[in-house]
Amino acid sequence: MKYYSTRDRAIRLSGAEAVKTGLSRDGGLLTPETIPQIDAGFLENLKTASYAQRAAEVMALYLTDYDKEELQTFAERAYGPDKYDTPAAAPLRKVDGNTHCLELWHGPTSAFKDMALQMLPQLLSAALRKTGEEKTACILVATSGDTGKAAMEGFADVEQTKILVFYPKDGVSAVQESQMVTQEGANVGVCAVVGNFDDAQAGVKRIFSDEAIRKTLADRGYFLSSANSINWGRILPQVVYYISAYCDLLRDKAISMGEKVNFCVPTGNFGDILAAYYAKRMGLPVGKLICASNQNDVLTDFLRTGIYDKNRPFHNTMSPSMDILVSSNLERLLFDLSGEGDALVRSYMEDLGRTGKYEVSASIQAALTEQFWGGFCDEAGTAETIARYYKDFGYLIDTHTAVAAQVMEQYRKATGDQTLTVFASTASPYKFCNHVLANIGETPRGDGVELLDQLHAATGVPVPRRLAALKEKTRRFDQTAEKAEMDAVVLDFLK
Ligand SMILES: *Cc1c(COP(=O)(O)O)cnc(C)c1O
């Protein structure tokens, strides 16, 4: 299986090369040239398999230059008991007869990013070997809060790699910031950027496309790679859990083989929901893909009108990992929906770069409407949903998960569709203690990790062990840079 660029189909890389480079040289995203198909037999086989087995089977369909045993070893390491606090890795929790929640935060950093970022470093290490690479990979990450920590946790002390994370100075929660600035590992670096997530992401993208920096770093023995969800090695492990959820529903007899389920996903950079789309394209019986946004509702408007327009106010919300105006992974979806129209995708991305806006063709828009439903949830809706889930179901959910739960309800009201729906829970409520406490009727006392105890005392829900351990950790990083200084920070980190 080869990978091409969404902006140029003439570019063809192996799976290992795609994982190694992250982003195509032309700025496009590397995308599989065909989508492998699965059938009832495939799902039947995985019904009683472990999560690691499911991961190996699904990933092997795409990474044909890795062998299945190798992938199985990686998956056992990634999702094993050292890392995950439940053997299921991504368990389903039943909320009511036709509503299940897919909990994706049982990994080491308590956010769904671990599902991919425990796997990516292993895929990358193997890719360096497979391609005979001698340089050190430097992973540059722009994070809206969760990716940075999960990436460092995955890459810490991985040979032949270094990792540098940029996060928006005032755009992450106190717990998220302490997770990042206390990260251990000799090969990691962290820097706050004055600005929002899009500023940090634009800075990283600029550095990636800067030939002079690339050349300087090559002379020093480094090449740049990405752990953002633009890397195919991030998307692929996420495809697994949608298939796994379906297998769990089959195993538990909540559905019968072939019956469709909907997925509702709280969305920022469009990586997580894109993985659900690929699962559907592979033949998993999926009805609607419900795209849930917070007050930054650029995707809701896009799915309803076919016009993507980032020229709008940016809101800092209590679900910061979704505070995004440019959803990079949408490009892969447009490529697929346009029948691999690389020229068309290139023109949309040029429009986006020049005017902050593009409008898709009528046929793409029709396909979007058929596959997706978009909605957004404002701050009051998020607050109300956290309170209601706790009261009605005894289920403590975080702010991002609440956005998904509320948009799922909007979808049901708007369409009357009663198909069994799985909504994704992307972070532990303990990552956003202040908002969760406030919305279940407690007054947060303090701002940072001290709130973990308070939330535990109020609810009895166990604190994830790595978060509990933060209180003992010392701060290792204290750097802040202006946007324009990001290049210098990179060059200094890779001296
Ligand atoms: C990253 C993140 C999201 C958004 O996922 P995308 O793949 O960027 O769409 C949602 N919730 C949480 C908690 C996240 O960390």
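The values are calculated or read from the model by the stated rules, or taken from the named source; none is laboratory data. Worth saying up front: this structure is predicted, and the values here are computed from it rather than measured. Every residue, glycine as well, gets a Cβ built from its backbone with ideal geometry; the counts of neighbours run over all protein chains shown. Ligands, DNA and RNA are stripped out before the accessible areas are found, and what is left, the full protein with its side chains, is counted by its heavy atoms. Shrake-Rupley method; radii C 1.70, N 1.55, O 1.52, S 1.80 Å.
Quick check on the stretch 100-114. Is at least one of its residues within 30 Å of F393 (Cα to Cα), modelled with pLDDT of 95 or more, more than 16 Å from the ligand (Cβ to nearest atom) and out of contact with any Asp or Glu (no Cβ under 7 Å at 6 or more places or on another chain)? Looking through the stretch 100-114, at least one residue is within 30 Å of F393 (Cα to Cα), modelled with pLDDT of 95 or more, more than 16 Å from the ligand (Cβ to nearest atom) and out of contact with any Asp or Glu (no Cβ under 7 Å at 6 or more places or on another chain). Whether a residue is open to solvent by 30 Å² or more (accessible area, probe 1.4 Å) and in contact with a strand residue (DSSP E or B) (Cβ under 6 Å, 6 or more places away or on another chain) was assessed, and K169 passes this test. Taking the stretch 335-344 as the range and being in contact with a strand residue (DSSP E or B) (Cβ under 9 Å, 6 or more places away or on another chain) and either of a type in the set (S, T, Y) or at pLDDT 95 or above (or both) as the test, the residues that pass are F335, D336.
In the stretch 214-237, the residue that is farthest from the ligand (Cβ to nearest atom) out of those that are assigned to a helix (DSSP H, G or I) and open to solvent by 10 Å² or more (accessible area, probe 1.4 Å) is D219. Taking every residue in the stretch 110-132 that is touching a residue at least 40 places away in the same chain (Cβ under 8 Å) and open to solvent by 10 Å² or more (accessible area, probe 1.4 Å) and pairing it with any residue that is within 16 Å of the ligand (Cβ to nearest atom) and of a type in the set (D, E), at least 6 positions away or on another chain, the pairs with Cβ-Cβ distances below 7 Å are F112/D272. Here the helices (runs of 4 or more DSSP H) wholly within the stretch 425-469 that include at least 3 residues being within 18 Å of F112 (Cα to Cα) are 465-468. Looking only at residues in the stretch 304-326 that are open to solvent by less than 10 Å² (accessible area, probe 1.4 Å) and closer than 14 Å to L368 by Cβ, the one that is farthest from the ligand (Cβ to nearest atom) is G306.
So which residues in the stretch 264-281 are over 17 Å from V407 (Cα atoms) and more than 10 Å from the ligand (Cβ to nearest atom), if there are any at all? Matches in the stretch 264-281: Y277, Y278, A279, K280, R281. Go through the residues of the stretch 202-211 one by one and say whether even a single one is away from the ligand (no atom under 14 Å from the Cβ), aromatic (F, W, Y), touching a residue at least 12 places away in the same chain (Cβ under 8 Å) and not in a loop (DSSP other than H, G, I, E, B). Scanning the stretch 202-211, I find at least one residue that is away from the ligand (no atom under 14 Å from the Cβ), aromatic (F, W, Y), touching a residue at least 12 places away in the same chain (Cβ under 8 Å) and not in a loop (DSSP other than H, G, I, E, B), so the answer is yes. Please work out if S293 is within 11 Å of the ligand (Cβ to nearest atom), touching a Pro at 6+ places or on another chain (Cβ under 9 Å), open to solvent by 10 Å² or more (accessible area, probe 1.4 Å) and closer than 29 Å to N434 by Cβ. Here the answer is no, as S293 does not meet what is asked. Answer with yes or no whether N269 is in a loop (DSSP other than H, G, I, E, B) and open to solvent by less than 10 Å² (accessible area, probe 1.4 Å). Considered against the rule, which asks whether it is in a loop (DSSP other than H, G, I, E, B) and open to solvent by less than 10 Å² (accessible area, probe 1.4 Å), N269 comes out as no.
The rows are residues; the columns are (1) within 18 Å of K169 (Cα to Cα); (2) without any contact (Cβ under 8 Å) to a residue 12 or more places away in the chain.
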{"position": "D447", "(1), (2)": "yes, no"}
{"position": "L452", "(1), (2)": "no, no"}
{"position": "V461", "(1), (2)": "no, no"}
{"position": "K473", "(1), (2)": "no, no"}
{"position": "D492", "(1), (2)": "no, yes"}
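Just for the stretch 366-387: of the residues that are part of a helix (DSSP H, G or I) and touching a Ser or Thr at 6+ places or on another chain (Cβ under 8 Å), which one is surrounded by the most Cβ atoms within 10 Å (Cβ to Cβ)? Restricting to residues being part of a helix (DSSP H, G or I) and touching a Ser or Thr at 6+ places or on another chain (Cβ under 8 Å), the top hit is I386.
Consider the stretch 375-385 and keep the residues that are within 14 Å of the ligand (Cβ to nearest atom) and out of contact with any strand residue (DSSP E or B) (no Cβ under 6 Å at 6 or more places or on another chain). The one that is farthest from V436 (Cα to Cα) is C377.
For first residues located in the stretch 251-280 and in contact (Cβ under 8 Å) with a residue 12 or more places away in the chain, partners that are basic (K, R) and open to solvent by 10 Å² or more (accessible area, probe 1.4 Å) and lie 6+ apart or on another chain with Cβ distances below 7 Å form the pairs R251/K47; N262/K288. Looking only at the stretch 42-65, decide whether some residue is surrounded by 24 or more Cβ atoms within 10 Å (Cβ to Cβ) and in a loop (DSSP other than H, G, I, E, B). Yes - at least one qualifying residue is present in the stretch 42-65. Scan the stretch 68-98 for residues that are within 20 Å of V19 (Cβ to Cβ) and exposed (fewer than 13 other Cβ atoms within 10 Å of the Cβ) and the total you get is 1. Would it be correct to say that L396 is closer than 25 Å to T305 by Cα and either open to solvent by less than 60 Å² (accessible area, probe 1.4 Å) or not in a loop (DSSP other than H, G, I, E, B) (or both)? For L396, the condition - closer than 25 Å to T305 by Cα and either open to solvent by less than 60 Å² (accessible area, probe 1.4 Å) or not in a loop (DSSP other than H, G, I, E, B) (or both) - is not met.
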